[in-house]
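Heads up: the structure comes next, in structure tokens.
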Amino acid sequence: MSGRVVLVTGGGRGIGRGHCLALAAHGAAVVVNDPGVSRDGSASDAGPAADVVAEIEAAGGKAIAHTGSVASWSDVTDMITTAVSTFGTLTGVVNNAGIVRDAMVANATEDDWDAVIAVHLKGTFAVTKHACEYWRSQSKAGNPIDARIVNTVSGAGLWGNIGQSAYGAAKAAIANLTVVTAMEARRYGVAVNAISPLAVTRISEGFFSGERANDPALDPARSSEVVAWLQGPESGWLTGQILRVNGHKLSRIDGFTESIARYHAKDGAALAFSEVGQAVSWLYGTSPRGLLGPLPSG
């Protein structure tokens, strides 16, 4: 990966740190972005990004720290500018930054919702948008582009999770953003994919207990070799895809698919109100009591 320059957001700790170290070990120059905030997005600390840079440099690699927020349009602009001015180009981004403020839907606050969406969804879009602007301008100038975007989704976004409405909604949206960006950016040489890593991190640690909390298969760096490959020269044929990384297992996520089961109204007419219940029950192969049973009364 010599000659590759990759911006990694949330690169100071956990999964992002693993990505930065793996990319640098394979020869890429790395922009380690991390404002050093706490799990809920409060406070800030320049230490985590600086520590990763020092670790990379001690191993003979190239890296620079950036402590801006992905939720800030101007900070993201500066991330791209810093990468190009320092290393001469930008060939990839890894959108990994995230926070959590978990709450049941009925208890969630506007501030908590906005904060989570801002970092995950707006942040992923902001970095993607500014990187694509750079690559498009380079392409128009006649420079060949072989660039990569790797986004981060999660099981909460793919399948849902109680108490994580904002986080899950953001991750689901990022999955779709991955597909849309892949469609748009392919014309100027950008491959766009996402990973769904299962790991014990500051964000997820509350979901693992006992032996699972120390399971080596859930080490935050388990997905980093996949990310390094996705940022490398051999992966350009793959775009618009999501890869699930669970310990030693790598699988593909196919997204929303239309079932082969279809109910047809008679004679091509529109479905009548009176037959919708029958149609839906048939599609799901269940009784009118529903997949989860009847709703509680009272």
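The values are calculated or read from the model by the stated rules, or taken from the named source; none is laboratory data. Computed from a predicted model, the values in this text were never measured in an experiment. Note: ideal-geometry Cβ built from the backbone for every residue, glycine included; neighbour counts use all protein chains shown. These area figures cover heavy atoms from the full protein model, side chains too; ligands, DNA and RNA do not enter into them. Shrake-Rupley method; radii C 1.70, N 1.55, O 1.52, S 1.80 Å.
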Notebook entry, point to check: In the stretch 73-92, is there at least one residue being open to solvent by less than 20 Å² (accessible area, probe 1.4 Å), farther than 17 Å from residue 134 by Cβ and assigned to a helix (DSSP H, G or I)?
Noted result: no
Next item on the list: For the stretch 230-275, enumerate the residues that are surrounded by 11 or more Cβ atoms within 10 Å (Cβ to Cβ), farther than 30 Å from residue 23 by Cβ and within 37 Å of the chain's Cα centre (by Cα).
Entry: 263
Checklist line | Matching option when the condition is at pLDDT 95 or above and either in a strand (DSSP E or B) or under 24 Å from residue 118 (Cα atoms) (or both), among 27, 16, 36 | finding: 16
Notebook entry, point to check: Taking the stretch 45-54 on its own, how many of its residues are open to solvent by 20 Å² or more (accessible area, probe 1.4 Å), part of a helix (DSSP H, G or I) and either hydrophobic (A, V, I, L, M, F, W, C) or not assigned by the TED database to the domain that holds residue 125 (or both)?
Noted result: 2
Check: Listed residues 237, 229; which is of a type in the set (Phe, Trp, Tyr), under 21 Å from residue 25 (Cβ atoms) and either outside the structural domain of residue 102 (by the TED database) or at pLDDT 95 or above (or both)?
Finding: 229
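Taking residue 41, is it over 24 Å from residue 198 (Cα atoms) and in contact with a helix residue (DSSP H, G or I) (Cβ under 9 Å, 6 or more places away or on another chain)?
The answer is no for residue 41.
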Checklist line | Selection within the stretch 55-72 - open to solvent by less than 50 Å² (accessible area, probe 1.4 Å) and in contact with a Ser or Thr (Cβ under 9 Å, 6 or more places away or on another chain) | finding: 64, 66, 68, 69, 70
Item checked: Among residues of the stretch 152-169, those that are touching a Lys or Arg at 6+ places or on another chain (Cβ under 9 Å) and touching a residue at least 40 places away in the same chain (Cβ under 8 Å), counted -> 8
Note to self: For the stretch 1-34: of the residues being over 18 Å from the mean Cα position of the chain (by Cα) and not hydrophobic (A, V, I, L, M, F, W, C), which is surrounded by the most Cβ atoms within 10 Å (Cβ to Cβ)?
What the structure shows: 4
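Yes or no, residue by residue, for (1) in the same structural domain as residue 17 (by the TED database); (2) modelled with pLDDT of 95 or more; (3) under 19 Å from the mean Cα position of the chain (by Cα); (4) among the acidic types (Asp, Glu):
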residue	(1), (2), (3), (4)
43	yes, no, no, no
76	yes, yes, yes, no
80	yes, yes, yes, no
92	yes, yes, yes, no
102	yes, no, yes, yes
121	yes, yes, yes, no
131	yes, yes, yes, no
135	yes, yes, no, no
Next item on the list: For the stretch 198-221, indicate whether the set of residues that are at pLDDT 85 or above, assigned to a loop (DSSP other than H, G, I, E, B) and either in the same structural domain as residue 129 (by the TED database) or within 20 Å of the chain's Cα centre (by Cα) (or both) is non-empty.
Entry: no
